[in-house]
1. For a quick check: sort 203, 15, 157 by the number of other beta carbons within 10 angstrom, fewest at the front.
2. With the cut-off at 26 Å, tell me which of the pairs 125/159; 125/173; 77/173 have Cα atoms farther apart than that.
3. Answer with a single label: of (i) 53, 43, 40; (ii) 54, 47, 39; (iii) 68, 46, 41, which was calculated as Cα extents along the principal axes in Å from the structure in view?
4. Among 200, 84, 102, 43, which comes first, second and so on when ranked by fewest other beta-carbon atoms within 10 Å?
5. How high is the relative contact order of segment 2-299, given as a whole-number percent (alpha carbon pairs under 8 Å, six or more residues apart)?
6. With a 10 Å cut-off between alpha carbons and a GNM built on the chain, which of 165, 134, 87 moves the most?
7. To make sure I understand, if each residue's beta carbon is the centre and we count other beta carbons within 10 Å, what order do 154, 74 fall in, fewest to most?
Amino acid sequence: MRFGFHLFMVDPTEHLDIARTADEFGWDSIQVADAPFFPEVISVPYPYTPDGKRFWPLDQPVLDPWVAITAMAVVTKRIRFIPSVLRLAVRQPLLEAKSLCSVAAISDDRVALGVGLAWMPEEFKWLGQNKKTRGARQNEAIQILRLLMGGGMVEFHGKYYDFDRLIMAPVPKKPVPIYVGGTTTPALRRAAQFGDGWISVIHNMDEVEGVMAELNSYRREFGRENEPFDIMMHCPDAETLDDIRRLEELGVTDLQVTPWTQPGILAEMGVGAIMQQQPPLAVKREAIKRYAEEVIIKFR
């Protein structure tokens, strides 16, 4: 089992100190958010809280994920960084490939890529993208990212993206893993078909076996059941070593926790109940160290 945490709602001025601490004490990954802007009014409910309301303030500082990762990569040595998730369906894949390959070069390939569809109609409208085609466009975009990461002269001719022969450099020394996010059936199928893994939002332990069974059925459908496949899951009621071992048995490869929050927060309370707990930096750093010494070391 590998261990990581997310920096959404963490003050950006704390990112470097937190990254150094996590790197020193054996954590495996840090996830960062992608949020180009926050509309004052959104025309649909937020999908990951019980009441559909946003749990963060509109002026919540969120760094561009590539900027945040680059800054943390240059002050660390071994920990990986993951946009979670990059709203690929509102972004141009050639430009995102350039950013991804550049960050891979700066970080010595200590980067993975989480991708998602984006959910706010305003993002699609104001960034000039068609929300109705977001799933099909993301499928093509993932293929484009993989193609460009392979290096050399390449071309792509799809329904939504089309370009003649071109070359991009530098490219990663090894392909960057692409993890697909989302909890819907189409998202799970997309992860099984195109992804190197899946990123969950938040689940309780009693939900994990069913989700894993569904995901594995799609992997078999696409003939990928024997390929390596990472499962990054946030499971806040996995509070004991036995709980974590049970998740490992079910196929979870990366447990996402928030070490500075209070235990006992369940998924039905919403991700905001976890993210809103933001103690001072010194408390965060001590919690990162303590979790590593009490939990992570038992899985090494």
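1. Values: 203 22, 15 19, 157 8.
By the 10 Å Cβ count, ascending, the order reads 157, 15, 203.
2. Numbers: 125/159 20 Å; 125/173 37 Å; 77/173 17 Å.
Pairs exceeding 26 Å: 125/173.
3. (i)
4. Details: 200 23, 84 28, 102 14, 43 9.
Ordered from fewest to most neighbouring Cβ atoms within 10 Å, 200, 84, 102, 43 come out as 43, 102, 200, 84.
5. Working: 515 pairs, mean separation 58.9, N = 298.
Averaging sequence separation for qualifying contacts and normalising by length gives 20 percent for segment 2-299.
6. 165
7. Numbers: 154 16, 74 11.
So the ranking, lowest neighbour count to highest, is 74, 154.
Throughout, read-outs are computed from the coordinates displayed, never taken from laboratory work. Not measured: the values here are computed from a predicted model. Positions of Cβ are backbone-derived with ideal geometry, glycine not excepted, and every protein chain shown enters the neighbour counts.
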